[in-house]
1. Which of the residues that make up the range 144-162 are more than 6 Å from the ligand (Cβ to nearest atom), out of contact with any Pro (no Cβ under 9 Å at 6 or more places or on another chain) and not in a strand (DSSP E or B)?
2. Given the residues Leu67, Leu36, Leu60, Leu9, which is the only one that is surrounded by 17 or more Cβ atoms within 10 Å (Cβ to Cβ) and at pLDDT below 90?
3. Hey, Val57 hits all of (1) more than 16 Å from the ligand (Cβ to nearest atom); (2) under 28 Å from Val156 (Cα atoms) but one; which does it fall short on?
4. Among Ala161, Ala113, which is of a type in the set (A, V, I, L, M), closer than 22 Å to Met195 by Cβ and without any contact (Cβ under 8 Å) to a residue 60 or more places away in the chain?
5. Hey, among the residues in the range 163-193 that are of a type in the set (Asp, Glu) and assigned to a helix (DSSP H, G or I), which one's farthest from the ligand (Cβ to nearest atom)?
6. Scan the range 48-76 for residues that are part of a strand (DSSP E or B) and small (Gly, Ala, Ser) and jot them down.
7. Pairs needed: first member in the range 126-143, within 12 Å of the ligand (Cβ to nearest atom); second member anywhere, assigned to a helix (DSSP H, G or I); C-beta distance under 8 Å; at least 6 residues apart or different chains.
8. Condition first: surrounded by 14 or more Cβ atoms within 10 Å (Cβ to Cβ), among the hydroxyl-bearing types (Ser, Thr, Tyr) and under 22 Å from Leu217 (Cα atoms). Can you find one or more residues in the range 76-96 that meet it?
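The values are calculated or read from the model by the stated rules, or taken from the named source; none is laboratory data. What you are looking at is a predicted structure, and each value in this text was computed from that prediction instead of being measured. Quick reminder, even Gly has a Cβ in these numbers, built from the backbone with ideal geometry, and neighbours come from all protein chains shown.
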Amino acid sequence: MALFAWGPLSKTSIEKSPPKFHTDFKKLRAVNIPLLEKLIETYGTCAILAKDSDLVVGSLRFYPKILFPEGSMIGFCLQQEPPYGPSESTAAREFPSLKNIQDKTLKVHCMMAGSSQQKKNPYKRKGIGTRMARELICWAQEHGWESIEATAYEEVEIMYANFGAAGRSFWEKLGFGLVKTEIEHELRGELLEKMQEQVIAKGLAAEDARNKYTMRLDLT
Ligand SMILES: CC(C)(COP(=O)(O)OP(=O)(O)OC[C@H]1O[C@@H](n2cnc3c(N)ncnc32)[C@H](O)[C@@H]1OP(=O)(O)O)[C@@H](O)C(=O)NCCC(=O)NCCS
C-alpha cells in the first residue's frame, strides 16, 4: 500500500510509515489492504502507477462510480482515517461485478505526479498525469467500462499542489467535457483563502474558488 504523498516510493519505502506521519500507519494498512485486494479481485485493478526505473513516481486511483451512491468520494482516501478514509466496514460492502452494474462509469478518485510532501518535485508538469490518464482510458475501454468521470477545479497553482485533482484544461486536453458544476463545501480555512486569492488574480470572482466541475469522457 502506497502512501503516495511521501513518494517517490521504492520496494523498501512502500512498506514503511512516512517520516513524521501522525496517523497510525499499521492501522491504515490493516484497513486499506483488504479493501484494495477486494477491489482488484472484483474489477482487475483500481490504480495506474507511473514508474521511473524502479521508483513509483505517479499514481492515479479510480473506482466504479456505483460505489459512491451520494456522489461524494469521501471515505476512500487511503492516506486518512475515517470519515475521509475507509473504515473496517468499507471492504465488507457489496461490490457488484461489472456485468451487474448498470452505470458502467469509473470515477477518478485522485492522482499525483511525484510527491506533495517532498521539498522538490521533479515529476510535475512533465506529462506523467496525462500519460496515467491515457492509460486509464485504454484500460477502461478494453475492460468494458462505458465512461470515465473526474472532478476538476479552477486552474490555479495551489489546487494543482494540494488537491490530488486537476483543472478543467487537464481533462479537456484528454477529450473530457463538462457535465456538472457544483459548489465544493469541503474547502475551508487557509486553503480556501489562498485559492480565492489565486482565482481573483486570474480575473475570476472569489466564489469561483469553490467551483467543482464533473468532467466526463464517454467511451462507447
Ligand atoms: C494533477 C497532477 C497529477 C497533474 O499531473 P502532471 O503530470 O503534473 O500534469 P501534466 O504534465 O500531464 O499536465 C497536463 C496539463 O494539465 C494542466 N496543468 C498541469 N499542471 C498545471 C499547473 N500547475 N498549473 C496549470 N495547469 C497545469 C496543463 O494544461 C497541462 O498541459 P501543459 O503542460 O501542456 O500546459 C499533478 O499536478 C499533481 O500531482 N497534483 C496533486 C498533488 C498533490 O499534492 N496531491 C495531494 C493529494 S493526496
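1. Matches in the range 144-162: Gly144, Glu146, Glu154, Val156, Ile158, Met159.
2. Of the residues listed, the single one that is surrounded by 17 or more Cβ atoms within 10 Å (Cβ to Cβ) and at pLDDT below 90 is Leu9.
3. Against the list (1) more than 16 Å from the ligand (Cβ to nearest atom); (2) under 28 Å from Val156 (Cα atoms), Val57 comes up short only on (1).
4. None of the other options fit; the residue is Ala161.
5. If we take residues in the range 163-193 being of a type in the set (Asp, Glu) and assigned to a helix (DSSP H, G or I), then Glu193 is farthest from the ligand (Cβ to nearest atom).
6. Ala50, Gly58, Ser59
7. Gly129/Phe170; Thr130/Phe170; Ala133/Phe170; Ala133/Trp171
8. No, that holds for no residue.
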